[in-house]
Every structure is written in structure tokens, then in C-alpha cells.
1. Just to be sure before I move on: is residue 17 surrounded by 19 or more Cβ atoms within 10 Å (Cβ to Cβ), near the ligand (Cβ under 9 Å from one of its atoms) and closer than 21 Å to residue 120 by Cβ in the structure I sent?
2. For the range 20-43, which positions are more than 16 Å from the ligand (Cβ to nearest atom) and either assigned to a helix (DSSP H, G or I) or under 18 Å from residue 75 (Cα atoms) (or both)?
3. Could you tell me whether any residue of the range 44-62 is near the ligand (Cβ under 9 Å from one of its atoms) and touching a residue at least 12 places away in the same chain (Cβ under 8 Å)?
4. So which of 229, 287 is in contact (Cβ under 8 Å) with a residue 24 or more places away in the chain, part of a helix (DSSP H, G or I) and in the same structural domain as residue 198 (by TED's automatic domain parsing)?
5. Within the group 174, 140, which residue is in contact (Cβ under 8 Å) with a residue 60 or more places away in the chain and in contact with a strand residue (DSSP E or B) (Cβ under 9 Å, 6 or more places away or on another chain)?
6. Select from the range 94-145 the residues that are in a helix (DSSP H, G or I) and within 14 Å of the ligand (Cβ to nearest atom) and write down the one among them that is surrounded by the fewest Cβ atoms within 10 Å (Cβ to Cβ).
7. Looking at (1) more than 10 Å from the ligand (Cβ to nearest atom); (2) in a loop (DSSP other than H, G, I, E, B), which is the only condition residue 76 fails?
Ligand SMILES: NC(=O)c1ccc[n+]([C@@H]2O[C@H](COP(=O)([O-])OP(=O)(O)OC[C@H]3O[C@@H](n4cnc5c(N)ncnc54)[C@H](OP(=O)(O)O)[C@@H]3O)[C@@H](O)[C@H]2O)c1
């Protein structure tokens with residue numbers, strides 16, 4: 001009895017709309033965890049493997065959405081959602097859509113208005129892991145907007161990973177998604193450019209990795225240090241007693257000049273230097289490097 005009730009969400013039927021690499025991973029996971037699964041995709045043949053494993057291929061989008069208390073969609077973008085849902089949205093009143101495609105906060109807000117206009121219950125979300133990690137309990141899925149929809153379908157959403165509700169603002173999930181991806185690209189670009197820089201002296205990526213990733217990142221640029229500094233960002237507190245922005249500008253100048261001297265791409269270091277120069281021009285020269293945050297918080301002039 002206890003087992004049955006604690007696992008009762010596993011029998012919750014779910015519909016998945018969109019069977020690209022990510023939608024397929026969502027569908028496979030839900031099926032593998034025992035959810036009766038209905039699927040619909042613009043290109044129906046992509047569902048063949050799922051149907052062979054027991055999924056139901058709906059003949060129409062309306063049939064798919066009507067088959068389950070919750071429909072998880074994972075399409076290329078919001079435009080794709082409107083393209084396929086607009087013709088049938090008025091027939092789906094009171095159905096529930098959870099949108100897991102990527103986009104911008106503005107698009108998420110517009111989607112909520114669209115859903116309200118069609119009497120659809122709607123939750124916006126974003127996936128923070130690649131397809132092979134879907135279904136792992138530690139894989140984070142971000143949600144924002146309707147707390148009611150989140151709470152009602154939380155158990156089914158937990159089959160996909162760790163569901164985190166970020167707040168009532170529907171744009172928060174995609175905003176966090178893009179912010180975290182920005183961190184990923186900026187970190188990778190730092191590693192790639194630094195590797196190109198030492199590569200100009202015939203140092204291999206493998207050799208550089210030992211000191212860059214094996215020692216420097218964990219010892220100097222690590223989450224513990226950044227976590228400890230986060231409160232300073234919130235209160236704009238940038239004490240320069242251990243090192244000033246002016247001192248860091250010296251290092252940034254060396255990175256830009258070394259890149260040029262060594263014949264590697266220098267746009268990225270030059271841009272980092274320019275950002276720090278903007279912070280100095282704004283009066284932060286005797287504060288620490290984190291004061292560049294004050295530059296990032298403002299819109300770029302003239303763009
Ligand atoms: N793959 C990843 O690693 C990953 C990770 C995190 C988040 N995401 C996000 O998840 C979403 C889906 O990504 P994906 O990797 O599965 O591949 P995708 O190429 O972004 O999306 C493929 C899906 O969108 C459908 N689609 C595209 N244009 C359409 C249109 N005009 N009308 C109707 N359907 C359309 C495709 O249908 P057809 O099969 O008929 O072409 C397919 O179901 C994206 O927003 C992506 O940013 C992906």
C-alpha cells in the first residue's frame with residue numbers, strides 16, 4: 001500500500017510534444033519510469049522507436065494533448081510552439097502545457113499571455129542538462145510562472161530530474177538558463193583562449209590542462225571563493241585591500257599584448273581589458289576586480 005501510494009505519480013500519463021534529441025530523451029525517460037506516454041511530433045516517424053516500446057503515437061496534436069493531464073513540450077523554439085498549437089489551441093481549453101524549449105524571458109511572458117488567451121494552464125521551464133543526463137535525480141530542470149501547475153505536476157516532472165521552481169515571474173526559468181549558459185561559454189572561452197596562448201609556444205592542451213585545470217581552477221578560480229564573494233556583489237562592496245582594479249588592469253594589458261605578440265586572437269582579452277577600463281572610468285580603480293560588476297549591470301551605451 002505504502003509503495004503503491006509513494007509511486008502513484010509513476011502511473012501519471014504524460015504527453016510529450018516534440019521529438020528532437022531532447023524531446024526523445026524526455027519521452028524515453030518517462031516511458032522507462034512507467035508513465036503511460038503519448039507522443040506527437042511534426043515528423044511522426046521519429047516516434048517509431050517509442051511506439052515499439054509501448055508509447056501511443058497520437059494522430060493529431062489535439063488528441064495528444066487531450067490524452068494526458070500534462071503535456072510536456074520540447075520544440076526548437078517558441079515560434080515552433082505557436083506554429084503547431086495556434087490552429088488547435090482553442091480546442092484545448094483547461095489542458096496543461098509545460099514548455100521546456102529555450103528562449104528569452106520576453107518570449108516566456110508572451111507565451112503566458114497566449115496561454116491565458118486560450119484558457120490553457122501553462123508553466124515555463126528550461127533544461128540545464130544534455131539529453132543523456134535526463135532522468136538522473138540530480139539533473140536540474142528549472143521552472144517559473146504558475147506555482148499551481150508546478151505543484152500539481154511536480155511528481156511527474158520529478159521523473160525527468162530535479163525540478164526547481166524559481167518564482168512567479170514566468171521569465172525566470174529561461175533567464176537562469178541563459179545566464180548559466182553564458183557562464184559555461186565564458187568559462188570555456190577562457191580555457192580555450194588560454195590554451196591557444198600557451199599553444200603559441202608549442203605547449204599541448206594536455207600538458208597545459210595539468211596546471212590550468214588540475215591546479216589553477218580548483219586552487220584560485222573555484223566555487224568556494226566565488227560563493228564567499230557573492231554577498232559583496234549584492235551590496236556593491238568591493239574592498240581593494242588585497243588587490244585593486246588598477247592592478248588587475250595591468251594583468252589584462254599583459255594578456256592583450258601577449259596575445260598580439262604571440263600571434264593569437266586578441267579580441268577576447270582586449271574586450272576584458274576594455275570592460276575593466278570602463279569600471280576604472282566609473283571610479284572603481286582603487287576597488288577590487290569585482291567592481292566590473294557595476295559595468296555589467298548597466299546597458300551598453302548606444303547598442
Ligand atoms: N539538445 C540539447 O542538448 C538541449 C539541452 C538543453 C535544452 N535544449 C532545448 O530543447 C529544445 C529542443 O532541442 P532538441 O535538441 O530536441 O532539438 P531542436 O532541433 O532544437 O528541436 C527539435 C524539435 O522541434 C521541432 N520543430 C522544429 N521546428 C519546428 C516547426 N517549425 N514546427 C514544428 N516543429 C518544429 C522538431 O520537429 P521535427 O522532428 O519534425 O523536425 C523537433 O520535434 C530546444 O529549445 C533546445 O534549446 C536542448
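The values are calculated or read from the model by the stated rules, or taken from the named source; none is laboratory data. Worth saying up front: this structure is predicted, and the values here are computed from it rather than measured. Neighbour counts run over all protein chains shown; Cβ positions are idealised from the backbone, glycine included.
1. Numbers: surrounded by 19 or more Cβ atoms within 10 Å (Cβ to Cβ): yes; near the ligand (Cβ under 9 Å from one of its atoms): yes; closer than 21 Å to residue 120 by Cβ: yes.
Yes; evaluated as a whole, the condition is true for this residue.
2. Residues of the range 20-43 that are more than 16 Å from the ligand (Cβ to nearest atom), as a first pass: 31-36.
Selection gives 31, 32.
3. Yes, the range 44-62 contains at least one residue that is near the ligand (Cβ under 9 Å from one of its atoms) and touching a residue at least 12 places away in the same chain (Cβ under 8 Å).
4. On the way: 287 fails: part of a helix (DSSP H, G or I).
Of 229, 287, the one residue that is in contact (Cβ under 8 Å) with a residue 24 or more places away in the chain, part of a helix (DSSP H, G or I) and in the same structural domain as residue 198 (by TED's automatic domain parsing) is 229.
5. Details: 140 fails: in contact (Cβ under 8 Å) with a residue 60 or more places away in the chain.
Going through 174, 140 in turn, the sole match is 174.
6. Quick first cut of the range 94-145, residues in a helix (DSSP H, G or I) only: 105-117, 131-133.
Among the residues that remain, those that are also within 14 Å of the ligand (Cβ to nearest atom) are: 107-108, 111, 131-133.
Working: 107: 19, 108: 24, 111: 25, 131: 16, 132: 10, 133: 14.
Only one residue fits best here, namely 132.
7. (1)
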